[in-house]
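Chemist: Got a structure for you, written out below as structure tokens; questions coming shortly.
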Amino acid sequence: MATPLPAERHRIIIVGGGAGGLELATRLGHRLRRSAAQVTLVDRNPAHLWKPRLHEVAAGLIGSGDDETNYLAHGCVHGFEFMLGGLNALDPATKTITLDPVLSPDTGAEVLGTRVLPYDTLVLALGSRVNDFNIPGVLEYCHMLDSPAQAMRLQREFLEAAIRVGAGLLDRVRVGIVGAGATGVELAAELHHAVHAMERWGGLGAAGKLDITLVDMANRILPAVDPATSKHAMKVLEKLGVNVVLGKGVDRVTADALHLSGGGIVPCEIKVWASGVAGHDVIGSLKGLTLSAGKRIVVDDHLACVGVSDIFAMGDCAAAPSHIGKGTVPPTAQAAHQQASYLTKALERRLVGETVGPFLFKPRGTLVSLGINEAACEFPALRRDNSVFPAYGTIAKLLYVSLYHMHRVALHGWLRATALFIADRLRRTTLPPVKLH
Ligand SMILES: Cc1cc2nc3c(=O)[nH]c(=O)nc-3n(C[C@H](O)[C@H](O)[C@H](O)COP(=O)(O)OP(=O)(O)OC[C@H]3O[C@@H](n4cnc5c(N)ncnc54)[C@H](O)[C@@H]3O)c2cc1C
């Protein structure tokens, strides 16, 4: 048994209130609110939006504000403190982190200065960003779906293009998406749905004038799922009229096209980069951490950062060993959720000098949305041959929707999550199904 940590006001700081960090802060806040420990959540944004919904924000199917959870209010209810600010430095020797100043988005005036926060236990849950692989033109011309602000920018550009087509100022809405993983495939299907909703509700006249091209180096879409699931998703995209280019990389992006390796171009005004995952740049400047090739933080099987003490990392920013195969735990909301549950228990026990066993990732399956009433899912079929049990269509879509409901349950409890679900449905009966502004 390890020595109990000092009883006086043990400061646990969680940096990053995303799919994993906010669930951890909520649970720990609840459990430790009557103890001597104090839980603080730090995020550079004032509110949380579950990242797997960003493609819906980008297509205008939900407004980013509709589904946000405000950290201050949530912390008040769930027993944790919230600090607004971006992490920019870590000093494991003095056990402090430093936060960037917070500037007013309107005037640029400083709202909060640089702050140095002492911690006893630190959890890094910073998430990840799309990897541009240093390909020329990607950062300059492509949209990425890493934050609500980026998703809103894409939504505005897409809507403006549809308006211009409707007004006869543009021939077609041409969208090029690089990366046929879940994000790229889901976005292609949702944009198709959105332009038809714009037609019905806004009469924009762009429905028959949408060209979406999805490009990937792999030889099938959704390369991480079972070939049968991938084939089903491909059939759905073909039915929607999405043009899929496989076995080709993109080696340059310009203002009006994706340039394919080995020759050929995809002409498009709207370009989205949805390929690859890398750690945020700030991770490279945090002292003492060991980093993997993709700039993720190397942790041991207890999610403790290698080379430092009292620091843990979870979710997309952590390269955690997987006991299934030789790789690391995949960067998914599902893994972040399981790690939040694990760390809740581990950090609580640690306060009284107890330890828990290692973190074991349990794959629960993959769910990919393919439009309004369509999705493709696969679940591990409890057999030794790694085979999967597939589900398609409306049932799969219901399962997909339930995933977000489960995240809300983790944050708000069953009662409030169900009330929010009903409120969403009621809101949809009075509003257009797509944002038209
Ligand atoms: C469009 C899209 C669809 C997806 N669909 C699915 C899906 O269907 N199923 C699935 O399992 N996964 C899906 N994912 C992946 C999933 O969203 C991530 O794996 C998951 O959100 C990771 O959780 P996290 O807590 O590690 O990070 P995040 O949820 O990304 O949260 C990170 C948090 O850290 C904050 N932050 C970042 N840098 C700093 C800093 N310097 N200082 C302070 N705060 C900071 C951010 O503001 C954010 O709140 C999808 C991702 C995308 C983009």
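None of the figures in this text is laboratory data; all of them are computed from the coordinates on show. Worth saying up front: this structure is predicted, and the values here are computed from it rather than measured. Virtual Cβ from ideal backbone geometry, glycine too; neighbours counted across all protein chains shown.
Chemist: Restricting the count to DSSP beta bridges whose residues both fall in segment 133-275, what percent are antiparallel, rounded to a multiple of 5? Please list the in-between numbers first.
Modeler: Details: 7 of 22 bridges.
Around 30 percent antiparallel, to the nearest 5.
Chemist: Among 297, 99, 167, which residue has its Cα positioned farthest towards the positive end of the charge dipole of the chain, with +1 placed on the Cβ of Lys and Arg, -1 on the Cβ of Asp and Glu, and the dipole taken about the Cα centre?
Modeler: Highest projection toward the positive end goes to 297.
Chemist: Moving to a separate point now. Over 20 Å apart: what share of the alpha carbon pairs of segment 28-185 falls there, rounded to a whole percent?
Modeler: Numbers: 8043 of 12403 pairs.
It works out to 65 percent of all Cα pairs.
Chemist: Of the cross-linked pairs 326/397; 95/295; 231/295; 51/397; 295/326; 239/326, which ones have a Cα-Cα span greater than 27 Å in the structure shown?
Modeler: On the way: 326/397 32 Å; 95/295 22 Å; 231/295 33 Å; 51/397 18 Å; 295/326 18 Å; 239/326 38 Å.
Listed pairs above 27 Å: 326/397; 231/295; 239/326.
Chemist: Along the charge dipole of the chain, which of 223, 158, 414 sits closest to the positive end, that is, farthest toward it, with unit charges on the beta carbon of Lys, Arg, Asp and Glu (+1, +1, -1, -1)?
Modeler: 414
Chemist: Another question, then. Restricting to the chain, what percent of DSSP beta bridges are antiparallel, rounded to 5?
Modeler: Working: 34 of 67 bridges.
For the chain, the DSSP antiparallel bridge percentage is about 50.
Chemist: Considering only segment 1-150, what is the antiparallel percent among its DSSP beta bridges, to the nearest 5? Write out the running numbers ahead of the final one.
Modeler: Numbers: 12 of 25 bridges.
The antiparallel fraction comes to roughly 50 percent.
Chemist: Do you know the relative contact order of segment 133-275, to the nearest whole percent, from alpha carbon pairs under 8 angstrom that are 6+ apart?
Modeler: On the way: 247 pairs, mean separation 48.1, N = 143.
Rounded, it is 34 percent for segment 133-275.
Chemist: Indicate the gyration tensor shape class of segment 133-275 (rounded, prolate or oblate), computed on the Cα atoms with a ≥ b ≥ c the square roots of the eigenvalues: a/c under 1.5 is rounded; otherwise a/b larger than b/c is prolate and the rest oblate. Mind dumping the intermediate values first?
Modeler: Numbers: a/c = 1.69, a/b = 1.26, b/c = 1.35.
Note, shape of segment 133-275 comes out oblate.
Chemist: Could I ask something else about it? Just to confirm my numbers, what's the Cα centroid distance between segment 203-245 and segment 146-177 in Å?
Modeler: Rounded to whole Å, the Cα centres lie 19 Å apart.
Chemist: Just to check, using Stokes-Einstein with a Kirkwood Rh over alpha carbon pairs, what's the diffusion coefficient of segment 350-437 at 20 °C and 1.002 mPa s in µm²/s?
Modeler: For these conditions, the coefficient is 133 µm²/s.
Chemist: Right, next: For n ≥ 4 DSSP H runs only, could you compute -39500 (n - 2.57) per run for the chain, divide by its residues and tell me the 222 nm figure to the nearest 500?
Modeler: Details: 9 runs with 140 residues, N = 437.
Theoretical 222 nm ellipticity from helices: -10500 deg cm²/dmol.
Chemist: Something else now. Which of rounded, prolate, oblate describes the chain, given a ≥ b ≥ c as roots of the alpha-carbon gyration tensor eigenvalues and a/c under 1.5 marking rounded, otherwise prolate only if a/b is larger than b/c?
Modeler: Numbers: a/c = 1.66, a/b = 1.56, b/c = 1.06.
It comes out prolate by the Cα gyration axes.
Chemist: I want to verify a result. In a Gaussian network model of the chain, Cα cutoff 10 Å, which of these has the top mean-square fluctuation: 295, 231, 271?
Modeler: Result for the chain, Cα springs under 10 Å: 231 fluctuates most.
Chemist: In addition: Quick one: putting +1 on the C-beta of Lys and Arg, -1 on the C-beta of Asp and Glu, what dipole do you get for segment 133-275 around its Cα centre, in Debye to the nearest 20?
Modeler: Details: 14 positive and 15 negative charges, 52 e Å.
The calculated dipole for segment 133-275 is roughly 260 debye.
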